[in-house]
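Please treat every number below as a calculation from the coordinates, not as lab data. These numbers were taken from a predicted model, which means no experiment stands behind them. Virtual Cβ from ideal backbone geometry, glycine too; neighbours counted across all protein chains shown.
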Amino acid sequence: MTVTTSKAATHGSVRRPDDHVIVLFGATGDLAKRKLLPGLFHLAAANLLPRKYRIIGSAPAKFAISTDEFRAHARQACQDFCITKPTRDNDAWSEFEQHLSFAAADPDNYSPLQDEVQRAEKEIGGQVRRLFHLAVPPAAFASVVGVLGDAGLASERSRVVIEKPFGTDLKSAIELGKAVHAVFDESQIFRIDHFLGKESVDNILAFRFANGLFEPVWNRSHIAYVQIDVPETLSIEGRADFYDKTGAYRDMIVTHLLQVLGFVAMEPPTSLTAAQLRAEKAKVFDALKPIDVRHVVRGQYEGYRAEPGVAPDSETETMVALKTEVDNWRWHGVPFYLRSGKSMGAARQLITLGFHEPPLRMFKAHRKDVPDGRRNEIIIDFADPGSITTRFLAKEPGAEMALGTENMVFKYADSFAAANALEGYERLILDAMLGDQALFTSSDGILRLWEISEPLLENPPPVEPYAPGSFGPESVSKLIEPFRWHLPNSG
Ligand code: BG6
């Protein structure tokens with residue numbers, strides 16, 4: 001199938017998408033409640049939704065609700081999870097909720113959704129685009145895509161947003177790819193990873209490629225190690241059904257952290273177009289060595305097996321730490337350490353680049369040992385709103401040449417117009433409506449990540465217990481010796 005592209009309408013300097021019907025599958029689920037409905041409301045309030053649009057919530061008939069119930073549900077979701085709360089006398093909300101309706105869809109009866117899409121398109125008039133967002137469990141992806149095909153809803157003006165995980169291993173990812181490609185062309189498929197919509201992750205491109213300062217040292221000659229560290233304090237939060245089948249590696253590493261690694265490690269693209277960015281990311285993934293299980297620690301927090309819905313003998317990891325290598329000219333020999341887990345001692349999202357130590361001979365006699373023994377580092381904190389810190393040694397005031405560690409810090413919270421910030425999902429939904437795939441993962445990229453994961457998925461080391469509130473089992477520190485995990489404010 002070939003896909004036509006059209007120039008999106010512009011509003012001032014901000015691009016606004018063409019008129020759209022947005023269909024939210026899994027409309028009453030957790031993701032829609034926490035992220036998608038609040039995100040769509042924020043886009044509407046920021047005047048970034050199309051001039052004319054309709055949002056149709058959908059789910060199988062057994063979970064169907066009325067349009068009024070869906071509007072009440074969306075209002076509650078925005079009440080609980082939006083920064084700007086909807087209020088009764090809030091014009092933005094009253095206006096927004098007029099665009100919401102609900103229609104059920106099942107593989108053997110999709111006419112309610114079909115009819116509702118037609119009705120919405122008629123109301124809007126003209127050439128309307130369709131965006132289908134599949135906020136459904138992975139097992140349901142193929143059947144929902146099948147419904148779209150059978151119902152004739154997957155026209156050339158349609159696009160589909162698919163949530164991770166895109167498969168659970170190489171084989172299932174290939175099968176899922178076939179099922180989706182049977183209905184949609186690759187240019188219509190938007191595999192979403194909300195980490196890539198975060199301002200601070202996007203800012204890695206600006207930090208690296210818009211400055212002459214950092215890129216010249218962004219390589220193995222200067223950098224000794226890279227850490228991408230995403231400990232979480234929350235546990236599985238009632239998601240046992242999903243989580244026990246998934247685990248930390250599939251939930252976080254193969255999707256989010258390796259995607260972030262793609263941005264940290266890529267070569268400068270010739271432009272920021274989707275084709276160039278995706279090509280550079282693909283080259284990084286090609287250069288990733290297959291995961292070596294000797295450099296992987298899988299942890300499980302104590303008490304996990306007693307969580308409702310978790311198998312009493314579950315071997316699922318709730319934390320994983322590993323070393324990987326990008327074996328190319330720029331990064332050969334530089335270890336990339338990745339870690340993420342539930343019920344850990346802090347909630348952080350950090351990228352740390354540690355530099356080789358310069359010869360400090362001349363300072364030795366007077367060097368007050370740096371308290372935590374750390375070296376020069378660039379630390380990108382990509383938890384919203386995000387910050388960048390560079391850590392260096394400075395002379396302490398006084399007669400002696402004594403050294404102390406100091407930081408230069410940039411904080412998004414103190415800079416620029418915070419009001420313009422979009423949350424990860426908001427940015428990506430907007431990009432999907434604009435047809436911009438730059439921040440979405442390509443089919444090849446996904447397959448390569450599952451390919452390098454095979455040794456681990458086929459032969460996982462046993463899980464080691466760790467205390468909730470800790471940073472994982474002891475072996476997590478050993479894994480990265482002689483380096484240390486960098487968690488500012490926690491040592
Ligand atoms: C999700 C994972 O994709 O990302 C969750 O399924 C995880 O387990 C979440 O908690 C973290 O994302 P955020 O929005 O907190 O950065």
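Annotations for the structure displayed:
- Residues in the stretch 148-168 that a label on Gln118 would reach, taking backbone N under 17 Å of a point 7 Å out along Cα→Cβ: 148-155
- Residue by residue, the stretch 251-263 carries 3J(HN,Hα) couplings of 5, 10, 6, 5, 9, 5, 5, 5, 5, 5, 4, x, 6 Hz when phi is fed to the Karplus relation 6.51 cos²θ - 1.76 cosθ + 1.60 (θ = phi - 60°); x denotes Gly or Pro.
- For the stretch 136-190 and the stretch 219-240, distance of Cα centres in Å: 29 Å
- Neighbour net charge for Pro137 - beta-carbon separation under 10 angstrom, K R +1, D E -1: -1
- Reachable lysines from Lys281, criterion Cα separation under 25 angstrom, eight or more residues apart if same chain: Lys164, Lys171, Lys178, Lys198, Lys289, Lys323
- The helix-only estimate of mean residue ellipticity at 222 nm for the chain, built from DSSP H runs of length n ≥ 4 each weighted as -39500 (n - 2.57), is -8500 deg cm²/dmol after division by the residue total.
- Alpha carbon centroid spacing (whole Å) that separates the stretch 259-275 from the stretch 405-478: 15 Å
- The fraction of all Cα pairs in the stretch 416-491 landing in successive 5 Å bins from 0 to the largest distance is 3, 10, 10, 11, 12, 14, 18, 14, 7, 1, given as whole percents.
- Summarising the overall dimensions of the chain from its C-alpha atoms, the Rg and Dmax are 23.8, 83 angstrom.
- Multiplying the residue separation of Ala399 and Ala413 by 0.36 nm and removing their Cα-Cα distance gives an extension gain of 1.3 nm.
- Sites Asp286 and Asn109, calculated FRET efficiency, Cβ-Cβ separation with R0 41 Å, nearest 0.05: 0.40
- Contour excess over end-to-end distance, with Cα ends at Ala346 and Asp68 and 0.36 nm allotted per residue: 96.1 nm
- Rounded to the nearest 20 debye, dipole of the chain from Cβ charges on Lys, Arg, Asp, Glu: 1040 debye
- Here the stretch 44-125 is treated with +1 on each Lys and Arg Cβ and -1 on each Asp and Glu Cβ, and its dipole about the Cα centre works out to around 200 debye.
- Amide proton proximity set for Gly57, modelled H, under 5 Å, gap of 5+: Leu24, Ser101, Phe102, Ala103
- Computed from label points 7 Å out along Cα-Cβ, the spacing between Glu357 and Asn219 is 2.5 nm.
- Sequence of Thr255, Thr168 once ranked by neighbouring C-beta atoms within 10 Å, starting from the fewest: Thr168, Thr255
- Simple Cβ-charge dipole of the stretch 44-88, Lys/Arg +1 and Asp/Glu -1, about Cα centre, in debye nearest 20: 200 debye
- Take the Cβ atoms of Glu186 and Arg51, set R0 to 30 Å, and the FRET efficiency comes out at 0.55.
- Cut-off 10 Å between beta-carbons: net charge of the residues surrounding Pro462, Lys and Arg +1, Asp and Glu -1: -2
- Which of Phe209, Ile174, Ala383, positive extreme of dipole for the chain (C-beta unit charges): Phe209
- Among beta bridges from DSSP that stay inside the chain, the antiparallel ones total about 55%.
- In terms of packing, defined here as the mean over residues of other Cβ atoms within 10 angstrom, the peptides 396-405, 189-198, 30-39, 446-455 line up highest first as 189-198, 30-39, 446-455, 396-405.
- Extension reserve of the Lys245-Ser475 stretch, reckoned as 0.36 nm per residue once the Cα distance is removed: 80.4 nm
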